[in-house]
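Novice: Quick one: the structure is below, and I'll ask about it shortly.
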Amino acid sequence: MTHDTALRDDQMHRLVQHAMVSVTASDELVAGGVRRGRRAVRRRRVVRTVGVGAAAALATAAVVAAPSLLGGHDDQRSPVAGTPTDSAPSAAARPTSGSAPQPTPTGLPPHLQRAQDLLLDALPESIPDPGYIARVDYDPDGRGLGEIVEVVATDDSAIVGRQDARCERVVASPAPDDCVDTGAGWIFTGPSLPDVSGGSPALAGVQATYILRDGRSVNLTAYNATRASLGGEPTRTDPVLDADDMIELLTRTEWFDRAPAR
């Protein structure tokens with residue numbers, strides 16, 4: 001059983017703004033050929049596969065997962081939100097040799113299908129206005145649990161009017177942030193760390209925020225530790241999802257099927 005806590009409208013607005021603070025366009029002159037090439041590939045992929053986007057904050061839940069759907073283990077909810085799991089990571093979900101993993105019926109790679117299942121399972125059947133926030137502990141490859149935080153907003157709290165120009169500035173910048181215009185909205189990606197003092201210097205995080213043109217949004221943030229907002233110790237070197245993983249999840253997931261009709 002999970003513990004849920006409703007958030008106020010002003011709290012949700014601050015969460016949406018905080019998610020976008022780190023997505024900026026730097027003016028530094030830094031060589032970015034490889035990074036720009038990756039951006040181009042990412043944008044072409046999104047244009048081909050774009051689905052439905054997104055949303056940001058109200059109430060809280062926790063789900064704990066080890067790599068299981070492929071390994072024969074059962075993913076489990078934690079009894080109380082924020083309670084650490086005692087289960088050890090199982091065998092790696094991503095094969096290191098042999099044939100490539102086959103896509104699932106949704107078109108997602110198996111490790112992303114598991115992440116999608118967990119993230120959707122953490123949401124209520126009907127998302128309350130103005131939104132919902134949930135935390136999932138997840139290990140994609142047997143190298144250690146990390147945390148994914150999802151914030152789904154059902155209202156128009158995202159500021160849509162400035163996103164076109166902002167996306168163009170971010171794409172033109174040599175900074176690690178990136179933006180993809182999907183036609184249905186904009187996906188901003190970049191590094192992200194929780195606003196907590198005294199955290200481990202090895203803590204790493206990456207986020208992706210999908211802002212739809214009607215103002216609804218979904219924000220995913222992945223860390224290399226559990227309970228990252230409390231300064232949790234890293235269990236692995238890299239976040240459990242990278243920017244490309246989260247873009248694929250955002251564009252291939254029907255996030256608002258559970259939201260109230262607009």
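Novice: Applying a 10 Å radius around every beta-carbon, put 187-196, 228-237, 242-251 in order of their mean neighbour count, most first.
Specialist: 242-251, 187-196, 228-237
Novice: Please identify every one of the trypsin sites (Lys or Arg not before Pro) in the stretch 146-219 that sits in a loop by DSSP and has no more than 12 other beta carbons within 10 Å of its own beta carbon.
Specialist: Those satisfying the criteria are 162.
Novice: For residue 132, what accessible surface area do you get with a 1.4 Å probe? Give it in Å², rounded to 10.
Specialist: 10 Å²
Novice: Tell me, what ³J(HN,Hα) does each residue in the stretch 217-234 have, in order and in whole Hz, if you take phi through Karplus 6.51 cos²θ - 1.76 cosθ + 1.60 with θ = phi - 60° and put x for Gly and Pro?
Specialist: After applying 6.51 cos²θ - 1.76 cosθ + 1.60, I find 8, 10, 10, 10, 10, 10, 10, 9, 8, 8, 6, 4, 5, 9, x, x, 6, x Hz.
Novice: Is the stretch 149-226 best put as rounded, prolate or oblate by its Cα gyration tensor, with a ≥ b ≥ c the root eigenvalues, rounded for a/c under 1.5, and otherwise prolate when a/b is larger than b/c, oblate when not?
Specialist: In terms of gyration-tensor shape, oblate.
The values are calculated or read from the model by the stated rules, or taken from the named source; none is laboratory data. In this text, all values refer to a predicted model and were calculated from it rather than measured experimentally. All Cβ positions, glycine included, derive from the backbone under ideal geometry; neighbour counts span all protein chains shown. The area values use the complete protein model at the heavy-atom level, side chains included, leaving out ligands, DNA and RNA. Shrake-Rupley method; radii C 1.70, N 1.55, O 1.52, S 1.80 Å.
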